[in-house]
Structures are given as C-alpha cells and as structure tokens.
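Encoded as structure tokens, the structure appears first; notes follow it.
The values are calculated or read from the model by the stated rules, or taken from the named source; none is laboratory data. Predicted, not measured: the structure shown is a model, and the values here were computed from it. Note that each Cβ is placed from the backbone with ideal geometry, even for glycine, and that neighbours are counted across all protein chains shown. Quick note on the areas: whole protein, heavy atoms, side chains included, nothing else; ligands and nucleic acids left out. Shrake-Rupley method; radii C 1.70, N 1.55, O 1.52, S 1.80 Å.
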Amino acid sequence: MSFDLVLFGGTGDLTWRKLMPALFQAWRHGKLPADGRILAVARDERSDDQYRAFIKDKFCEVDASKRPTDDEFARFAQLLHYRRMDLAQPEHYAGLKQWLDERGADVKVFFLATSPHLFTQICAQLGSAGLNGSDVRVVLEKPLGHDLASAQEINRVVRASFTEAQALRIDHYLGKPAVQNLTALRFGNALFEPLWRRESIANIQITIAEGLGVGTRGDFYDRTGALRDMVQNHALQLLTIIAMEPPANGDADAIRDEKLKVLKSLKPFTAESVARDVVRGQYRAGNVDGKPALGYLEEAKVPEGSATETFVALRTEVQNWRWAGVPFYLRTGKRLGTRDAQIVVNFRPVPHAIFAGSARANKLVIKLQPEDGLELHLLAAKGTGNNDVLTPVQLDLDFDKAFAADRVGAYERLLLDSIAGRLNLFVRSDEQEEAWRWVEPVLDAWRNDATGPRPYAAGSWGPAAASALIARDGFAWDEEL
Ligand code: BG6
C-alpha cells in the first residue's frame with residue numbers, strides 16, 4: 001500500500017518532538033509501509049534538503065534511544081519533503097492536490113499538527129479543493145475546542161467535508177500500550193469479569209500525576225487548565241475503558257458505542273455537586289525530585305494572578321446497573337511528587353473475617369506509567385509465625401520486561417493506524433462532545449466562583465482538600481494507605 005502523509009504544522013513542536021521520532025521508529029521497526037512520502041507543510045520557504053537538515057538537528061533534542069544514526073537518518077530522510085503553504089490561500093491547496101495527484105498514492109493522510117484555531121479553515125479548504133475523496137483521512141490533534149459549543153463547531157465544519165470514518169481524533173493516551181492492555185485485561189481474560197461490578201468493587205481511583213510543570217507552554221496552559229487539558233480527554237477515556245460493557249465485537253464502532261454509553265451514564269454535575277465533589281488546585285513553589293521548583297504564577301508566560309487550575313480531583317459515579325453507587329475518583333495534576341499514572345481497583349473486604357489482618361481488601365493496580373504493569377494485592381499466610389495473622393503480598397507483572405522488544409509507542413501506533421485506517425484508537429465526535437457536555441457545569445461553576453484554586457506545594461500530592469474529598473466516603477488515595 002502506498003501512502004502520502006501530510007503534516008500541517010510541519011515545523012512545529014508536535015511535529016519534531018513527537019511525530020518525527022514516532023515515524024522514524026515506525027520506519028526503523030520496518031512497520032511503516034515502504035512506499036510512502038511524508039510532506040511537511042509550513043509557512044516559511046525551505047527546500048526539502050533544508051527541512052531534512054532542520055529535522056536532523058531537532059533529533060538531538062529527543063531521547064537518545066530514539067535518535068537515528070547518520071546513516072539511518074540519510075535513508076529515513078528520503079521520505080521527507082517540504083512545501084510552503086499559506087493556509088488561507090485556495091490556490092495553495094490546489095498546488096498540494098496537484099503534487100499528491102501526480103503520484104496518486106493509495107492513501108492520503110492529513111495530520112493537523114497546527115494550532116487548533118486553524119482546524120476549521122484547513123478542513124474547509126481541503127474539502128473545497130477536492131482533497132476529501134474516500135482515499136483521504138484527516139487526523140486532528142487535541143485540544144478539540146475549549147467547550148461543548150466550540151467542539152461542536154469544529155465537528156460541524158469537519159463533517160461538511162469529511163465523513164466520520166475519515167476524521168480521526170487523537171487522544172494519545174489511547175495509543176499507549178498500557179491503555180490497550182486495559183482492554184485486553186478486561187475482554188481477553190474471563191478472570192475479572194464476574195468481579196467487575198458493584199457487588200465486588202468498593203471504589204476505583206484513576207490518577208495521572210506529572211512531575212513536570214507547565215514549562216514553556218505557560219500561555220497555552222493558562223487558557224486551558226487541567227480540566228480541559230487532562231480530565232475531559234485522557235482521564236475520561238481511561239474511565240470509559242474501565243467501566244464499559246463488553247462490546248459485541250472488536251470493531252471500532254462497537255467499542256466506541258460502549259464508551260459513549262459510559263459517558264452518558266456519568267452523574268451530571270450541578271453547581272452544588274461541583275463545590276462538594278471537585279477540587280481544583282494550583283502549584284506553589286516547592287521541591288520536586290530534590291530540586292527547587294517554581295510556583296505556577298512564577299512560570300514564564302503565565303499572567304499575573306492567574307486562577308487557572310493545575311490540579312483537579314473529583315468524585316463521580318457511573319449511573320447504571322453495573323456501577324450504581326461505586327465512586328470513581330479522578331485525579332490529575334502538574335508538579336506533583338512524581339510522574340505516575342495508574343488505576344487502582346479496590347475490591348470490597350471479605351464479608352466475614354476469620355483471620356486477623358484480613359480486613360485489608362484486595363486491590364488490582366493497573367500501572368500505566370512510568371512502568372506498564374499489573375499488581376494484584378492479596379493476603380497470605382507467611383507460615384513462619386502465627387498463621388492467624390495474614391500478610392499483604394502482591395503478584396507483579398511488568399509488561400515492559402515481558403514484551404520489551406516489540407513495544408510500539410503511542411504516536412507510532414496512532415500514526416500507523418491512521419495510515420492503515422484502523423479507527424479503534426481514535427475518539428468519535430459524539431464521545432468527544434459528550435465528554436465536553438459532562439465537564440461544562442464544572443467550568444461554569446468555577447467561572448462563577450471567585451475563591452479560585454487551592455494552593456499546593458510543588459512536589460506534594462495536591463491540596464489537602466483532595467484527601468478530604470475521598471476520606472468523606474471512608475476511603476483514601478492509594479499512596480495514603
Ligand atoms: C498532553 C497534555 O495531552 O498530555 C500535557 O497537553 C501533558 O499537558 C501530556 O503533559 C501528558 O502526556 P504523557 O504521555 O506524558 O502522560
């Protein structure tokens with residue numbers, strides 16, 4: 001199969017930081033279809049060779065294990081081309097069409113790695129230029145809108161030129177091997193399914209903690225905040241996979257239909273429940289990994305006195321037969337003590353204790369990063385002393401070790417899937433809109449609440465109110481146990 005992959009935003013951060021290294025890895029692993037071209041599009045004038053030199057330079061800034069040797073780069077660079085385009089000019093799209101038509105590749109993928117305010121313009125222009133045939137797919141990077149209305153507007157314009165199956169919305173968490181493993185854990189194994197319900201599960205905790213602050217993205221981040229940046233997409237996608245019903249088959253729409261049902265079953269927020277069940281925080285100066293870290297308000301490009309949240313913890317419920325009454329706690333933040341993403345499924349304790357220590361319940365920890373693995377926490381008799389007292393033990397599975405050689409990174413997976421037309425790991429427009437619909441009351445309530453975010457020290461686990469939120473139900477965050 002031959003392909004042309006066009007990267008709008010070809011000189012931007014996302015392209016050289018994530019997409020080029022991922023494409024290079026796919027090429028290095030022999031997974032990229034051999035007959036392909038990658039065309040970077042941006043505003044300034046450059047030749048193909050100048051663009052290749054630019055990308056070669058940028059590879060020095062990526063992880064050493066993902067860097068090409070000179071010889072590898074020389075071969076990979078043969079795929080790379082560059083084209084100057086003014087995105088407002090119809091004749092530039094006509095020129096692009098001509099360039100693509102001359103070769104007539106089987107598949108054309110337009111990856112919009114640009115600022116999101118250009119999405120509607122680019123999609124409309126591609127449509128008008130006739131660059132929307134059935135051999136075309138368009139890939140949209142987040143953020144897709146900043147609220148429900150803006151997301152709907154983007155989807156409306158995209159739909160005017162492309163069918164739903166042609167529009168691939170990226171949530172890069174879905175491309176992570178650990179997240180695909182979650183689907184495998186639930187639907188490739190019979191073991192947990194009978195327990196995966198309210199009768200056996202006490203609560204579920206989803207944490208995506210980051211050690212880094214906002215870095216150089218202060219202006220973007222300040223307009224976004226943790227709720228839009230992480231909860232509306234990554235955390236909710238994880239929740240849908242944890243909570244969904246088994247799909248009828250492995251087809252993209254069968255899976256996405258089930259995920260959508262979960263989003264529709266989430267308990268809607270009201271102004272009162274936001275005040276009670278959602279905690280927002282903002283980091284102050286502190287220490288991360290033994291090094292002093294600035295507070296959010298001191299970061300570059302963050303406006304003075306900003307009330308943007310860098311931390312969110314919330315409690316919700318999935319209102320259906322399987323999950324009624326089971327609290328789901330979601331938590332994410334920047335400048336927390338460590339980079340750590342995990343889902344903890346806390347089972348109910350035994351109904352009647354005959355051993356001392358058996359009040360401690362079982363739990364399954366699904367580790368997403370930095371390690372990708374599973375821990376099953378059980379209780380055992382040591383056999384060395386008093387066997388009436390049980391000891392916590394755990395079964396550990398490290399997927400990075402088990403599958404080391406073959407692991408494919410998130411963007412590599414998603415780029416390959418976009419070329420192959422596999423839609424399972426992309427977000428459908430109705431899922432994305434439903435997620436916006438659910439977070440909107442939180443955004444509204446915060447807008448009308450002058451209290452602002454609660455401060456927390458960089459390097460901590462967020463504001464104390466996040467612990468109080470979960471303690472109210474008689475539970476604790478996993479690291480507090
Ligand atoms: C992005 C957010 O979507 O995900 C960033 O915009 C965040 O703010 C990043 O840092 C986290 O991704 P990962 O893969 O490093 O967990």
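A few comments on the model shown:
- When the charge dipole of the chain is built from unit charges on Cβ atoms (+1 for Lys and Arg, -1 for Asp and Glu) and taken about the Cα centre, the candidate among 224, 117, 311 whose Cα reaches farthest toward its positive end is 311.
- Global size of region 167-280 as Cα Rg and Dmax, reported in angstrom: 16.2, 47
- Mean separation of Cα contacts under 8 Å (6+ apart) over length of the chain, as relative contact order %: 18 percent
- Full extension of the segment from residue 53 to residue 272, taken as 0.36 nm per residue of separation minus the current Cα-Cα distance, would add 73.3 nm.
- Under 5 Å, built H, 5+ apart or other chain: amide partners of residue 202: 346, 347, 348
- Karplus-derived 3J(HN,Hα), 6.51/-1.76/1.60, for each residue of region 152-160, Hz, glycine and proline x: 5, 5, 4, 4, 4, 5, 4, 5, 5
- Each of 436, 461, 446 has its accessible area taken with a 1.4 Å probe; listed largest first, they run 461, 446, 436.
- About the centre of its Cα atoms, region 71-173 shows a dipole size close to 100 debye [charges on the beta carbon of Lys, Arg (+1) and Asp, Glu (-1) only; nearest 20 debye].
- Per-residue surface analysis assigns residue 157 an accessible area of about 20 Å², computed on protein heavy atoms at 1.4 Å probe radius.
- Between region 197-238 and region 46-60, the alpha-carbon centres lie 34 Å apart.
- Dipole in debye (nearest 20) - region 11-92, about Cα centre, beta carbon charges: Lys, Arg +1; Asp, Glu -1: 280 debye
- Additional length obtainable on full extension of the chain from residue 66 to residue 184, 0.36 nm per residue less Cα span: 39.8 nm
- Over 21 Å (Cα to Cα) - which of 66/176; 176/259; 334/367; 18/176; 31/97; 108/261 fall in this group: 31/97; 108/261
- Ratio Rg/Rh, restricted to region 333-415 and using Cα atoms, in which Rh is the Kirkwood radius: 1.13
- Taken about its Cα centre, region 1-158 carries a charge dipole of roughly 280 debye when the Cβ of each Lys and Arg holds +1 and the Cβ of each Asp and Glu holds -1.
- Amide hydrogen neighbours beyond the local backbone of residue 137, cut-off 5 Å, H modeled: 108, 109, 110
- For the chain, the Kirkwood radius over C-alpha pairs fed into Stokes-Einstein at 20 °C and 1.002 mPa s yields D = 89 µm² per second.
- The chain, accessible surface, carbon-and-sulfur percent (1.4 angstrom probe): 52 percent
- Förster radius 60 Å - calculated FRET efficiency between residue 200 and residue 2 (Cβ-Cβ, nearest 0.05): 0.75
- Out of every Cα-Cα pair that region 39-117 contains, those further apart than 16 angstrom amount to 61 percent.
- Ordering 208, 254, 92 by the projection of their Cα atoms onto the charge dipole of the chain, which places +1 on the Cβ of Lys and Arg and -1 on the Cβ of Asp and Glu, puts 208 at the extreme positive end.
- Per residue of the chain, the DSSP helices (runs of n ≥ 4 H) give a summed -39500 (n - 2.57) that works out to -9500 deg cm²/dmol at 222 nm.
- Residues of the chain: accessible area per residue with a 1.4 Å probe, Å²: 44 Å²
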